[in-house]
Amino acid sequence: MISYQEKIIALWTVFLLGTLFHTQLGLMPLFHGQDIAIADIHNNLNIAYILWGMLGFFVLPMFAIIVMAFNDSKRYRVIHLSLTIFYTVLNFLHVVLDLEVTPIAWYQIALMIVLFFIGLLLNIVSLQWLRAYNYHKKLA
């Protein structure tokens with residue numbers, strides 16, 4: 001039987017690969033000589049803030065995977081479930097906000113919806129992992 005931790009690590013890995021593909025997919029027009037610049041709020045922000053935000057978005061799941069391999073305390077399970085819920089909310093907001101960009105890149109929307117459902121599955125398995133801790137403590 002596959003442990004909850006193995007399932008969660010697999011889901012985080014798939015999520016990160018999907019997120020990387022989301023970024024790569026946005027850059028694909030460059031390889032065909034097309035412009036990818038879109039006039040939006042990003043032009044008014046310092047690009048360093050965006051890049052630091054993207055770094056954080058990628059690094060947190062990487063740390064979650066590493067800690068998952070070495071820690072199964074109740075405290076970490078609660079923190080981890082909170083992290084998965086946070087990412088699910090961010091993914092939902094990302095889909096909604098990208099539906100307001102013109103033109104809408106439907107291939108990106110489709111990928112983000114897939115990532116959203118992977119996030120929901122991650123929420124469910126993380127909640128099961130937390131509940132398993134409580135269940136095993138009651139038996140002890």
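The values are calculated or read from the model by the stated rules, or taken from the named source; none is laboratory data. Here the structure is a predicted model, which is why all the values come from computation and not from measurement. Cβ sites come from the backbone with ideal geometry, for glycine too, and all protein chains shown count toward neighbours. Just the protein is used for accessible areas: all its heavy atoms, side chains included, with ligands, DNA and RNA removed. Shrake-Rupley method; radii C 1.70, N 1.55, O 1.52, S 1.80 Å.
Some points to look at:
- Calculated FRET efficiency, residue 72 to residue 17, Cβ-Cβ distance, R0 = 30 Å: about 0.80 to the nearest 0.05.
- Shape category assigned to segment 54-140 from the gyration tensor of Cα positions, a/c cut at 1.5: prolate
- If you sort 16, 55, 120 by accessible surface, 1.4 Å probe, largest first, the order is 55, 120, 16.
- Accessible area (Å², 1.4 Å probe, nearest 10) - residue 21: 100
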